[in-house]
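These notes are about the structure you will find just below.
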Amino acid sequence: MLFADDEESLQGLMSLELPRMGHEVTVCPDGLTAVAALEKNTYDCILVDLNMPGLSGIDVIAKAKQLSPDTEAIVLTGKSSLDTAVAALRHGAFDYLTKPCRLADLESLLKRVAEKKQLTNKYRAIKRRLERFEGKSQLIGNAQSMHQVRTLISKVAPTRSTVLVLGDTGTGKELVARAVHDQSPRSERPFVAVNCGALPESLIESELFGHRKGSFTGANEHRVGLFEVANGGTLFLDEIGELPKAMQAKLLRFLENGEIRRVGDNESFIVDVRVVCATNRDLELMVEEGDFREDLLFRVNTFEIHLPSLRERREDIGMLAEHLLARFRGGVPQDQTSFTPEALQTLSAHDWPGNVRELANAIEHATILCDSGPIAPEHLPRKFAAGRSRGPSIKLSGPPRTLREIELEVIKETLDRHANSKPKAAEELGISLKTLYNKLNQASALEKSA
C-alpha cells in the first residue's frame with residue numbers, strides 16, 4: 001500500500017506499523033511524490049493526508065482512480081476538515097479517519113478494505129464462470145415488445161438514472177437489470193443482486209448497509225454491507241415492494257444524497273452505486289394503501305421498463321425453448337429438429353403463468369427424459385401431456401359472490417394444485433409469500449367471526 005503525509009513523525013510510525021499489520025508500504029512525504037509512485041506501481045490501497053504541499057489528498061485520490069480504478073483510498077483529516085473528508089468520499093475514497101487516529105481503528109478499516117476486495121474478486125470469478133457456461137446475459141426474443149425493451153435499456157444504461165423494472169414473476173427482470181449494468185460504464189464493476197422479500201426484516205439493514213462490531217446481539221465482527229460491495233457498480237433490489245417502511249426511508253436517503261450509515265455507526269459516508277429496482281406489484285396501489293412511500297416511488301421510478309409476460313409474446317416461445325435446450329445440453333448447438341412440431345404446438349398453447357422461469361423448468365424436465373433427438377410432448381411435464389394449464393378454473397356462474405370470496409377460491413385452488421406449497425402458489429399467483437399469508441390470515445379471521 002501507499003502512505004502519503006507531510007508529517008515526519010507519522011511517516012516513521014506508518015513505516016513500522018503498516019508492515020506489522022501485514023502490508024508492504026511505500027511512504028511518501030507529499031502529494032507529488034505520491035502521484036509519481038502511483039505512475040510506477042499499482043497499489044491495492046492508498047492512505048493519504050488531505051492537506052499536503054504540492055497536491056492535496058483529493059488530487060492524489062483522483063489520480064489513483066484514473067490509473068487504477070480498483071485502488072481503494074482512505075483519507076486522514078483533522079476534525080476541522082470533515083467537510084473536505086466528505087468531498088473525498090464523493091471522489092471515490094473508501095472511508096476516512098480523523099487525526100489523531102488509533103492504530104486499532106486503522107487496522108480495522110484496512111481489514112474492511114481487504115474484505116471488500118475479496119468479495120469483488122469472488123464476484124468477478126463467478127461472473128466469468130457464468131459467462132463461459134451461459135454466455136453474456138441475453139434477452140431472447142424478436143417480438144416488438146422485446147425490441148422496445150432493448151431500446152429502452154440502450155437509452156438508460158449509459159446514464160446514472162435509477163431504473164424500475166416491472167413485470168410478472170418469472171419474466172426475467174434480473175436479466176434486464178444485468179443488461180443495464182453490462183451496457184453501462186460500470187460494466188467492469190460489481191453487479192450485486194438482492195431479493196428484498198427473502199431477507200429477514202431483523203437483518204435487512206445489516207445486509208444492505210453493514211454493521212459495526214458489537215452494534216447488536218450476535219454482531220461479533222464488522223460486516224461490509226451490500227451497498228459497499230457494489231460501490232462503483234450496480235445494486236439490483238428485486239421485490240422492492242417487500243421492503244419494510246423503515247428501510248424505505250433509508251433507501252430514500254441514499255437515493256437523495258448517496259449516503260449510507262452502518263448499523264452502530266454515528267457517521268454517514270458516501271458510496272457510488274447505481275440502483276436498479278424490480279417488482280411485480282402495483283406500487284401506486286401500495287402507496288394508496290400506505291404500504292409504500294410516495295416520495296420513494298418517485299425516486300425509484302425515474303426510468304421505467306415494463307417486461308412483457310410470455311403469453312404476450314408467444315412468437316418467442318420457440319426461440320426461447322431452443323436457447324434453453326442448448327443451455328441444458330451443455331451449449332451444444334442443436335439441429336432444426338430439436339423439438340417435434342407437436343411439442344412446439346403444446347408449448348405455444350400453454351398460458352405460462354410462471355413465464356420464462358416456468359418454460360425453463362419444463363425444458364430442463366424434458367432434457368432429463370430425452371437423452372438425444374428431438375423433444376416430444378411425452379418428454380414435457382405431465383400437465384402438458386394432459387393438456388392442462390396451471391391457471392385457475394374459477395366458474396363465475398351460480399350464486400353471487402364477493403370479490404374476496406372469488407379471490408380466496410383462486411388461492412385455495414392454486415394451493416391444492418401445488419400440494420399446499422405456499423411458496424409455489426405465491427409464485428404462480430404473482431404475489432409475495434408475505435401477501436399470501438396475509439390473505440389466508442384475513443380469510444381465517446373472517447371465517448371465525450362468521
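The values are calculated or read from the model by the stated rules, or taken from the named source; none is laboratory data. Note that this is a predicted model, so its numbers are computed, not measured. Every residue, glycine as well, gets a Cβ built from its backbone with ideal geometry; the counts of neighbours run over all protein chains shown.
Identify the residue in the range 22-55 that is exposed (fewer than 14 other Cβ atoms within 10 Å of the Cβ) and in a loop (DSSP other than H, G, I, E, B) and, among all such residues, is modelled with the lowest pLDDT.
Initially, the range 22-55 is screened for residues exposed (fewer than 14 other Cβ atoms within 10 Å of the Cβ), giving 22, 24, 36, 39-42, 53.
With in a loop (DSSP other than H, G, I, E, B) added as a condition, the list becomes 22, 24, 41-42, 53.
Numbers: 22: 89, 24: 90, 41: 89, 42: 87, 53: 82.
In this case the residue turns out to be 53.
Hey, any hits in the range 189-198 for a residue that's over 14 Å from the mean Cα position of the chain (by Cα) and β-branched (Val, Ile, Thr)? Quick ask: steps written out before the conclusion?
Initial filter on the range 189-198 (over 14 Å from the mean Cα position of the chain (by Cα)): none.
No, there is no match, as no residue in the range 189-198 is over 14 Å from the mean Cα position of the chain (by Cα) and β-branched (Val, Ile, Thr).
Residue check: is residue 279 among the polar types (S, T, N, Q), in contact with a strand residue (DSSP E or B) (Cβ under 7 Å, 6 or more places away or on another chain) and within 19 Å of residue 116 (Cα to Cα)? I'd like the intermediate steps shown before the answer.
Numbers: among the polar types (S, T, N, Q): yes; in contact with a strand residue (DSSP E or B) (Cβ under 7 Å, 6 or more places away or on another chain): yes; within 19 Å of residue 116 (Cα to Cα): no.
Considered against the rule, which asks whether it is among the polar types (S, T, N, Q), in contact with a strand residue (DSSP E or B) (Cβ under 7 Å, 6 or more places away or on another chain) and within 19 Å of residue 116 (Cα to Cα), residue 279 comes out as no.
Listed here are the residues, each with its yes/no results for (1) outside the structural domain of residue 371 (by TED's automatic domain parsing); (2) within 27 Å of the chain's Cα centre (by Cα); (3) farther than 24 Å from residue 180 by Cα; (4) not hydrophobic (A, V, I, L, M, F, W, C).
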residue	(1), (2), (3), (4)
289	yes, yes, yes, yes
294	yes, yes, yes, yes
314	no, no, yes, yes
320	no, yes, no, no
329	no, no, yes, yes
341	no, no, yes, yes
346	no, no, yes, yes
356	no, yes, no, no
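Consider residue 317 against the criteria (1) closer than 28 Å to residue 152 by Cβ; (2) without any contact (Cβ under 8 Å) to a residue 24 or more places away in the chain; (3) of a type in the set (Val, Ile, Thr): it satisfies all of them except one. Which criterion is unmet?
(2)
Considering only residues that are in a loop (DSSP other than H, G, I, E, B) and at pLDDT 85 or above, look in the range 263-287 and name the one that is nearest to the chain's Cα centre (by Cα). I'd like the intermediate steps shown before the answer.
Pass one, the range 263-287, residues in a loop (DSSP other than H, G, I, E, B): 264-268, 271-273, 280-282.
Going one step further and asking which of them are at pLDDT 85 or above, we end up with 271-273, 280-282.
Values: 271: 15, 272: 14, 273: 11, 280: 16, 281: 18, 282: 20 Å.
For the range 263-287, the residue satisfying everything is 273.
For the condition surrounded by fewer than 17 Cβ atoms within 10 Å (Cβ to Cβ), among the charged types (D, E, K, R) and under 29 Å from residue 68 (Cβ atoms), what is the one hit in 186, 160, 178?
Working: 186 fails: surrounded by fewer than 17 Cβ atoms within 10 Å (Cβ to Cβ); 178 fails: surrounded by fewer than 17 Cβ atoms within 10 Å (Cβ to Cβ).
From the options 186, 160, 178, the qualifying one is 160.
Of everything in the range 264-304 that's among the β-branched types (Val, Ile, Thr) and in contact with a Gly (Cβ under 6 Å, 6 or more places away or on another chain), which residue is surrounded by the fewest Cβ atoms within 10 Å (Cβ to Cβ)?
Taking the range 264-304 and keeping what is among the β-branched types (Val, Ile, Thr), we get 270-271, 273, 275-276, 279, 287, 300, 302.
Going one step further and asking which of them are in contact with a Gly (Cβ under 6 Å, 6 or more places away or on another chain), we end up with 270, 279.
Values: 270: 20, 279: 24.
Filtering the range 264-304 for residues that are among the β-branched types (Val, Ile, Thr) and in contact with a Gly (Cβ under 6 Å, 6 or more places away or on another chain), the one surrounded by the fewest Cβ atoms within 10 Å (Cβ to Cβ) comes out as 270.
Considering only the range 15-59, state which residues are aliphatic (A, V, I, L, M), within 23 Å of residue 92 (Cα to Cα) and out of contact with any helix residue (DSSP H, G or I) (no Cβ under 7 Å at 6 or more places or on another chain). I'd like the intermediate steps shown before the answer.
Let us first name the residues in the range 15-59 that are aliphatic (A, V, I, L, M), namely 16, 18, 21, 25, 27, 32, 34-38, 46-48, 50, 52, 55, 58.
Next, from what is left, pick out any that are within 23 Å of residue 92 (Cα to Cα): 18, 25, 27, 32, 34-38, 46-48, 50, 52, 55, 58.
Passing the criteria: 18, 32, 36, 37, 47.
Here is a check on your reading of the model: is residue 250 of a type in the set (Lys, Arg) and surrounded by fewer than 15 Cβ atoms within 10 Å (Cβ to Cβ)?
Working: of a type in the set (Lys, Arg): yes; surrounded by fewer than 15 Cβ atoms within 10 Å (Cβ to Cβ): no.
No, not satisfied.
If you scan the range 227-244, which residues turn out to be modelled with pLDDT of 90 or more and part of a helix (DSSP H, G or I)?
Those that are modelled with pLDDT of 90 or more and part of a helix (DSSP H, G or I): 227, 240, 241, 242.
Would you mind stating whether residue 307 is out of contact with any strand residue (DSSP E or B) (no Cβ under 9 Å at 6 or more places or on another chain) and of a type in the set (A, V, I, L, M, F, W, C)? First the steps, then the outcome.
Numbers: out of contact with any strand residue (DSSP E or B) (no Cβ under 9 Å at 6 or more places or on another chain): no; of a type in the set (A, V, I, L, M, F, W, C): yes.
Here the answer is no, as residue 307 does not meet what is asked.
Filter the range 351-383 for residues that are in contact (Cβ under 8 Å) with a residue 40 or more places away in the chain and under 22 Å from residue 312 (Cβ atoms) and give the result.
351, 352, 353, 354, 355, 356, 357, 358, 359, 363
Quick one: would you say residue 235 is hydrophobic (A, V, I, L, M, F, W, C) and out of contact with any Gly (no Cβ under 7 Å at 6 or more places or on another chain)?
Numbers: hydrophobic (A, V, I, L, M, F, W, C): yes; out of contact with any Gly (no Cβ under 7 Å at 6 or more places or on another chain): yes.
Spelling it out, residue 235 is indeed hydrophobic (A, V, I, L, M, F, W, C) and out of contact with any Gly (no Cβ under 7 Å at 6 or more places or on another chain).
Among the listed residues 249, 326, identify the single one that is part of a helix (DSSP H, G or I) and farther than 30 Å from residue 204 by Cβ. Steps first, answer last, please.
Numbers: 249 fails: farther than 30 Å from residue 204 by Cβ.
The match here is 326.
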